[in-house]
Structure formats: C-alpha cells, structure tokens
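A.B. asks: Once you've had a glance at the structure underneath, I'll fire off some questions.
The values are calculated or read from the model by the stated rules, or taken from the named source; none is laboratory data. Nothing here was measured: the structure is a model prediction, and the numbers come from that model. Glycine also receives a Cβ, built like all others from the backbone with ideal geometry; neighbour counts cover every protein chain displayed. What goes into the accessible areas is simple: the full protein's heavy atoms, side chains included, and nothing from ligands, DNA or RNA. Shrake-Rupley method; radii C 1.70, N 1.55, O 1.52, S 1.80 Å.
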Amino acid sequence: QQSLINAIGEKPGIISLSGKNINLLNASFILAQNQGNLSGSSLNIKASEFLTLSGKSPNNEISSAIRSEVLQTGEAQGANIIISAQKLQLRDQGQIQTGSFSESVNGLGGEININVSDTVDLNSGLISASAFSEGSAGNIELSTSQLQVYNAASLTSSTTGSGNGGNIKVNADFIKLAGSFNDVRSTISASSLGTGDAGSLTISTKQLRVEEGASFSSSSFGNGNAGNISIDASELITLDGKNSNFQSNNEPQGTTIRTSVQSIDPVAQQIFGLPEVPTGNSGNLTINTPILNLAQNSVISVENQGTGNGGTLSINADQLNLEQVGKVTAATASGQGGNINLKTENLQIDEGSEITATAENNGDGGNVTINTTSLIAKKNSQ
C-alpha cells in the first residue's frame, strides 16, 4: 500500500535487503536518489527464493518499483542495482529502473545487474536504464535460466538527450518474447530519441523464440546512431508472427529482429526536438545459430529511413527457413545501403517470403551474398 524505502540526499546512501521472499506490493517503492556530486551508493537485494513486484496504486497511476536516479550537474553516478534471486517476477507494470537526469557528461545512470537462478518473468513489467540529458544511461546485465517477456513487457535502454544509451547483455538458456497490446510490443530494445547513440544488444542463449508481434531492436529516431545487435543461440531461433494483433503506421506488423533509423510523427518530433529527417547510422545485426525459422510475417532487417547508412546483416545458420511471408531485408532511403550476408548449409524460401536489399531516392542499394549448399525457392518467393 505505497510503502517506501529510500536513500535520498546529497551524500550517497546504501540500501540492502536480504530475505527468503521479498515482495513489493500495491505501488510500493525502493528508491535511491543521488542529489549530490559524490558516487558510491548502491541498492542490493538478495532473495533466496522469490522477488516479486506487483500491484498498482488505487488510481492505477503508480506501480511497484525499484529505482535509482542521479540528478545533479556534477560527475556523480547513480546507485547500481544488484539483484540476486531464485525467481524474479514483475507484474502489473512493476518496474526496475535506473535514470540519469544529470546535465554533466560524466553524470552516469546506475548499472542494473540481475542474477536469477531459475526464471525472470516479465508480465507487463519493465526493466529499463534511461538517460534524459547529457549524462549516459547505465548498462543492463541479466543472467538467468529462463527469461519470459510477454503482455507488452519490456527490457530496454534509452536516451532522449545527448548522453548515450546503455548496453544490454542477456545470458539465458531459454528466452521467449511474446505478444503486443494495441501499438505496444513486448520487447528487448535499445533506442535513441536524441543526439546520443542507442546502446547495443548482446544475447547468448540456447533457444530464442520471438512471437506474436514481439520485437528485438536497436533504433534511432534522430541524430544518434542505432546500436549493434549480436545474437548467439546454440540450438535454434524461431520468429513467428502468428495471431499478432499489432497495428501501427510506423512499425511493420509481425515479429521483428532489427536495427534501424526511423522517422516518427511530427508531434513526437516536436516534443523530443528531433529533425524531420533523421541523420544517424544503422547498426550491424549478427545472428549465429544452427536453425533459424521465420514464419507468419516475421522480419529480420537493417533499415535506415534517413540520410545515414544502413548496417550489415549477417546470418550464419546450418538451416535457414523462410515461410509464410518471412523476410530478411536491408533498406535505405538516402545513404549507403545495408548488405546482407547469409551463410547456411540449407536455405528454403517459401510462400511469399523474400531476401531483399533495396534503396530509395539517392541511396545505394546494398549487396546480397548467399553461400549455401542447398537452395530451394518456391511459391512466389523472391
């Protein structure tokens, strides 16, 4: 019922909780806020079994949260959030967040380090690291056996200023992203809505499943560059857009893995002070896995809708299957087009699926290089 544990002030404070089951319920908060110019604060939570964040305030405006912030103009860093548990559950928009509001380039947001032996379950929950001014966002590192992100949940880093976004690293045996609600995807993402660069995504897993409109992405909507994406899956990767109800004018329907630079609507451009035509460069996208399946309007892409260059898309897979309008694409508007490099023993393209590199206006189209032992293309594929 909106309880609060806090360490707020000009001198860094430390918060440490240790228990068997730790629950933050009904919009309860743990907050470390650095208002001074000194670093050294930390927020440590150790649950030998469950850590749960769930429940909103009576007016549904506030959710349970663990948060670290840095506010001043000095070189202070926000508190690092360090979590250890057997199972972590975030529900009802429960949040774990770090944020930098500092007007100094050295005013860094805190890091988020999560080590969970069993399952991280994000059910409309949020784990994020953000930068809102000149300071940079902290990095996020998450290690677990299973990571489930669904019902419009997010694991994300972002910047809306000149500071850079944080990098995200995930190490899990099994990862599943699924579902979207209205125009909000379940997502693991890094983004830039300013002049700072978006962070990179590094994923290491046995199996990755991205379904029902969910998304992996690193994106820029202004002058910053999009980050790189690297995914290593030792067993398989499956993208399936089946039953997706995702609808938006700015995003492709279906399930996606992509790095991109995109234009957004004029209202958002005015709010964030963004140019009408973005100038950042797209990042590179690299996927390594024995089996990669794309189905039901799923897309793996590098894209640039502005004046910058498209990134390079590289896939190394023993078996690569595209079916039911599965797509591997590179697209650019004005800059140097993105290249597609595919290396696979067996490549099958079926039912309206395609592998394409395109350019508009004065852009240069990228190259498509396919190295394969067996290629089967049929049913109106390209």
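A.B. asks: Within region 252-287, how many residues are under 17 Å from Gly311 (Cβ atoms) and either among the β-branched types (Val, Ile, Thr) or surrounded by fewer than 17 Cβ atoms within 10 Å (Cβ to Cβ) (or both)?
C.D. replies: So the answer is 7.
A.B. asks: Okay, moving on. From the list Asn59, Asn21, Asn6, Asn26, pick out the single residue that is in contact with an Asp or Glu (Cβ under 7 Å, 6 or more places away or on another chain) and either open to solvent by less than 70 Å² (accessible area, probe 1.4 Å) or of a type outside the set (D, E, K, R) (or both).
C.D. replies: Answer to the selection: Asn21.
A.B. asks: Between a first residue in region 276-291 that is under 17 Å from Gly199 (Cα atoms) and in a strand (DSSP E or B) and a second residue that is β-branched (Val, Ile, Thr) and open to solvent by 10 Å² or more (accessible area, probe 1.4 Å), which pairs have beta carbons less than 8 Å apart while being 6 or more apart in sequence or on different chains?
C.D. replies: Going by the 8 Å Cβ cut-off, the qualifying pairs are Leu285/Thr312.
A.B. asks: Any idea which of Ile315, Ile264 is assigned to a strand (DSSP E or B) and among the β-branched types (Val, Ile, Thr)?
C.D. replies: Every option except Ile315 fails the conditions.
A.B. asks: I'd like to check something: does region 189-200 contain any residue that is touching a strand residue (DSSP E or B) at 6+ places or on another chain (Cβ under 8 Å) and open to solvent by 40 Å² or more (accessible area, probe 1.4 Å)?
C.D. replies: yes
A.B. asks: Consider region 14-44. How many of its residues are hydrophobic (A, V, I, L, M, F, W, C) and within 18 Å of Gly109 (Cβ to Cβ)?
C.D. replies: Number satisfying all stated conditions: 8.
A.B. asks: Test Gly99 against the stated conditions and say whether it is of a type in the set (Gly, Ala, Ser), under 20 Å from Ser16 (Cα atoms) and assigned to a strand (DSSP E or B).
C.D. replies: So Gly99 fits the description; yes.
A.B. asks: For a quick check of your reading of the model, give me the residue pairs whose first member lies in region 36-57 and is among the hydroxyl-bearing types (Ser, Thr, Tyr), whose second is loosely packed, with under 15 Cβ neighbours inside 10 Å and assigned to a strand (DSSP E or B), with beta-carbon atoms closer than 9 Å and at least 6 apart or on different chains.
C.D. replies: Between residues of region 36-57 that are among the hydroxyl-bearing types (Ser, Thr, Tyr) and residues that are loosely packed, with under 15 Cβ neighbours inside 10 Å and assigned to a strand (DSSP E or B), the close pairs are Ser41/Ile14; Ser42/Ile14; Ser42/Ser16; Ser48/Ser18; Ser48/Gly19; Ser48/Lys20; Ser48/Asn21; Thr52/Asn21.
A.B. asks: I'm checking my understanding of the structure. Among residues of region 149-180 that are surrounded by fewer than 19 Cβ atoms within 10 Å (Cβ to Cβ) and more than 10 Å from Ala214 (Cα to Cα), which one is modelled with the lowest pLDDT?
C.D. replies: My answer is Ser162.
A.B. asks: Sticking with this one: Could you run through region 102-118 and say how many residues are assigned to a strand (DSSP E or B), open to solvent by 10 Å² or more (accessible area, probe 1.4 Å) and not acidic (Asp, Glu)?
C.D. replies: 4
A.B. asks: Right, another one. Is there any pair with a first residue in region 91-108 that is closer than 16 Å to Arg67 by Cα and a second that is modelled with pLDDT under 75 whose Cβ atoms are under 9 Å apart and which are 6 or more apart or on different chains, and what are they?
C.D. replies: Ser100/Gly107; Phe101/Gln72; Phe101/Gly107; Ser102/Gln72; Ser102/Thr73; Ser102/Gly74; Ser102/Glu75; Leu108/Glu75
A.B. asks: Would you list the strands (runs of 3 or more DSSP E) that sit entirely within region 338-382 and hold 1 or more residues that are over 22 Å from Ala295 (Cα atoms) and at pLDDT below 90?
C.D. replies: Result: 354-359.
A.B. asks: What are the residues in region 109-143 that are under 14 Å from Ile81 (Cα atoms), of a type in the set (S, T, N, Q) and in contact (Cβ under 8 Å) with a residue 60 or more places away in the chain, if any?
C.D. replies: Of everything in region 109-143, just one residue is under 14 Å from Ile81 (Cα atoms), of a type in the set (S, T, N, Q) and in contact (Cβ under 8 Å) with a residue 60 or more places away in the chain, namely Asn139.
A.B. asks: Something else: Specify which of the listed residues (Gln97, Gln77, Gln89, Gln93) is modelled with pLDDT of 90 or more, open to solvent by 50 Å² or more (accessible area, probe 1.4 Å) and within 19 Å of Ile140 (Cβ to Cβ).
C.D. replies: Residue meeting the stated conditions: Gln93.
A.B. asks: Name the single residue, out of those in region 29-56 being buried (at least 19 other Cβ atoms within 10 Å of the Cβ) and part of a loop (DSSP other than H, G, I, E, B), that is modelled with the highest pLDDT.
C.D. replies: Checking each candidate, the answer is Gly55.
A.B. asks: Would you please name the residue that is modelled with the lowest pLDDT, looking only at residues in region 207-243 that are open to solvent by 40 Å² or more (accessible area, probe 1.4 Å) and more than 17 Å from the chain's Cα centre (by Cα)?
C.D. replies: Residue satisfying both the conditions and the ranking: Asn243.
A.B. asks: Quick check on region 126-148: of everything there that is of a type in the set (Gly, Ala, Ser) and over 15 Å from Gln77 (Cβ atoms), which residue is surrounded by the fewest Cβ atoms within 10 Å (Cβ to Cβ)?
C.D. replies: The extreme case among them is Ser145.
A.B. asks: For residues in region 292-312 being open to solvent by 10 Å² or more (accessible area, probe 1.4 Å) and assigned to a loop (DSSP other than H, G, I, E, B), which is nearest to Ala233 (Cα to Cα)?
C.D. replies: In this case the residue turns out to be Thr312.
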